[in-house]
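What follows is a set of notes on a single structure, which appears directly below.
The values are calculated or read from the model by the stated rules, or taken from the named source; none is laboratory data. Treat the numbers as computed from the prediction; the structure is a model and nothing was measured. No Cβ is skipped: glycine too gets one built from the backbone with ideal geometry, and neighbour counts run over all protein chains shown. These area figures cover heavy atoms from the full protein model, side chains too; ligands, DNA and RNA do not enter into them. Shrake-Rupley method; radii C 1.70, N 1.55, O 1.52, S 1.80 Å.
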Amino acid sequence: MSTSENTTPADDSTATPAEETTTEGGTTAEDTPPGPDAFLAGVRPESTPRVLSAETFALTGLLLVLPVVATGRLFELFGWFALTDLTLEDPRQAVVVNADLVVAGGLSVLAVLSGSLSLIMGRATNRARARWLASATVLTGALFVVLAIVTYVIASGRI
């Protein structure tokens, strides 16, 4: 025995793939931002690009600490004063050394502040590389701040 479901002839209409449904205002369903179920669906919500974002402050921190890292002058000064018995007889030399230390320490402090601000402003929608860059900037900048302070203290005792 057959039932009416099995004996009906094939439908002449062809099955078409599901077309995009439009919502109010003529936008498609794919254009609408994911709702509160985006996490459950595995969709990452897109953030709107902003000028003062966590990514911007992470890059700013990198650009601030880069001259301190690239020149190596802070390591050189630390080596002169910590590992040798170098004394500065001329007061003009002391002024130049102090200026180098203040500039390197100041740039490092600004880099730490910028990286910290990036970590504070970070959200789940930020790129992971921005968080990594900000963390690396904070750690590297903090190391250079401590190195500048220690070198300054040692150098001030050698004048």
Next on the checklist: Within region 139-152, does at least one residue satisfy the condition of being modelled with pLDDT of 95 or more, open to solvent by 90 Å² or more (accessible area, probe 1.4 Å) and not β-branched (Val, Ile, Thr)?
Outcome noted: yes
Item to check | helices (runs of 4 or more DSSP H) lying entirely in region 1-120 (those with 1 or more residues that are modelled with pLDDT of 75 or more and polar (S, T, N, Q)) | outcome: 54-71
Next on the checklist: Quick check on my filter: what residues within region 70-105 are among the β-branched types (Val, Ile, Thr) and touching a helix residue (DSSP H, G or I) at 6+ places or on another chain (Cβ under 6 Å)?
Outcome noted: Val97
Checklist outcome for this item: Taking region 121-133 and keeping only residues that are in a helix (DSSP H, G or I) and open to solvent by less than 100 Å² (accessible area, probe 1.4 Å), one is left with Met121, Ala128, Ala130, Arg131, Leu133
